[in-house]
Amino acid sequence: MSNILYLFSRKIALVAILAGSPFLGISQDIMKALDSRAEIKPKSNVIDWVKALPIELTRYDYTETSFVSTDKGLIQEGHPDSWLVQVADLDTSNGYIRANGYLPGVGDYTPEEQFKVFRKASGDHILAFNYIDKNSPQQNSLNFYKALKGKVYELPHSQVLPEVDIYDFITSEDYNDLQKHFKNAGDIINELLVFYYLPRQGTAIQAGLYYSLSSENKDFMGSLSELIKDKWEVDGFVVYGKVELKWNSKTEKFEK
């Protein structure tokens with residue numbers, strides 16, 4: 001869970017592949033085989049997936065997490081004081097779970113974990129797992145998994161996710177202007193983080209830029225913010241720009 005979602009400039013790399021490496025642009029094209037704690041079947045839902053994932057993949061332990069059916073749908077069972085993790089959002093019909101460790105009486109922010117099942121036209125599916133930590137954004141990570149013959153496989157991002165680079169947010173002319181006004185523009189852009197957020201409804205992943213930069217670069221950030229008009233907030237992050245990565249169930253890939 002150590003992917004650092006850096007956005008490299010075009011001179012270095014025009015990719016945002018997130019393939020298990022701590023740096024964007026370094027891909028890994030071999031699927032990792034992981035032992036599943038339970039069998040995943042074509043009709044398995046997002047709860048089945050969370051229960052089946054190897055425990056070392058997630059920050060929180062979902063082993064003892066259970067749900068009960070009510071007139072309002074499924075809710076987390078038991079008293080909050082006994083929970084090891086809080087399932088803040090559960091939507092099995094849309095294949096979505098959002099969870100964190102923010103338990104009653106704790107009072108502090110805790111990182112968030114998102115899970116989303118994306119169905120294929122073939123009837124199979126993959127799971128996206130997104131880890132978000134506003135206090136340590138360099139630890140944010142987005143990974144994809146498929147099940148096959150009792151094992152869980154981590155998919156190479158190059159197989160699932162399109163490349164994301166600075167030119168998805170500004171034009172080449174804008175980039176050249178930034179370089180004219182700021183000698184270290186390329187270095188600063190290399191330190192930008194790509195922020196991903198999974199959808200509860202629909203099948204489009206949102207991607208944007210997160211600035212984790214020192215105050216000495218505030219003039220550059222101000223100029224870049226003027227170029228990137230879109231701004232959205234989620235889970236304590238202020239994210240600039242929005243690129244939709246749309247799931248194509250036929251090609252079994254996300255597309256811009």
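Along each principal axis of its Cα atoms, how long is segment 156-217 end to end? Whole angstroms, biggest number first, please.
41, 25, 22
Ignoring ligands, DNA and RNA, how do K32, K72, K183 rank by accessible area with a 1.4 Å probe, largest first? Could you put the intermediate results ahead of the total?
Working: K32 75, K72 185, K183 210 Å².
Ranking K32, K72, K183 by accessible area, largest first, yields K183, K72, K32.
Sorted by average packing, counted as other Cβ atoms within 10 angstrom per residue and highest first, what order do 184-193, 118-127, 78-87, 158-167 take? Walk me through the numbers on the way to the answer.
Numbers: 184-193: 17.7, 118-127: 16.0, 78-87: 13.7, 158-167: 19.3.
So the order, starting with the most tightly packed, is 158-167, 184-193, 118-127, 78-87.
Cα-based Rg of segment 107-256 per 2.2 N^0.38 Å, rounded to two decimals? Before the final figure, lay out each step's value.
On the way: Rg = 17.2 Å, N = 150, 2.2 N^0.38 = 14.8 Å.
For segment 107-256, the normalised Cα radius of gyration is 1.16.
When the Kirkwood radius is taken over all Cα pairs of segment 205-256, what Stokes-Einstein diffusion coefficient follows at 25 °C and 0.890 mPa s, in µm²/s?
Details: Rh = 12.7 Å.
D, rounded to a whole number, is 194 µm²/s.
Work out the P(r) tail for segment 42-84: percent of alpha carbon pairs separated by more than 18 Å, whole number. Working shown, then result.
On the way: 332 of 903 pairs.
Roughly 37 percent, rounded to a whole number.
Only Lys, Arg, Asp and Glu count, each charged at its Cβ (+1, +1, -1, -1), so figure out the dipole size of segment 143-236 about its Cα centre, rounded to 20 debye.
Values: 9 positive and 15 negative charges, 124 e Å.
My answer is approximately 600 debye.
Per Stokes-Einstein, at 10 °C and 1.306 mPa s, what whole-number D in µm² s⁻¹ belongs to segment 43-126, with the Kirkwood radius over Cα pairs as the hydrodynamic radius? Don't jump to the answer; show the numbers that get you there.
Details: Rh = 13.7 Å.
Stokes-Einstein gives a translational diffusion coefficient of 116 µm²/s.
Report P(r) for segment 87-191: all Cα-Cα distances, bin width 10 Å, range 0 to the bin holding the largest distance, values in whole percent.
Histogramming segment 87-191 at 10 Å steps yields 12, 28, 28, 21, 10, 1 percent.
The values are calculated or read from the model by the stated rules, or taken from the named source; none is laboratory data. Predicted, not measured: the structure shown is a model, and the values here were computed from it. Reconstructed Cβ throughout: ideal geometry from the backbone, glycine too, with neighbour counts over all protein chains shown. Side chains included, ligands, DNA and RNA excluded: accessible areas come from the protein's heavy atoms. Shrake-Rupley method; radii C 1.70, N 1.55, O 1.52, S 1.80 Å.
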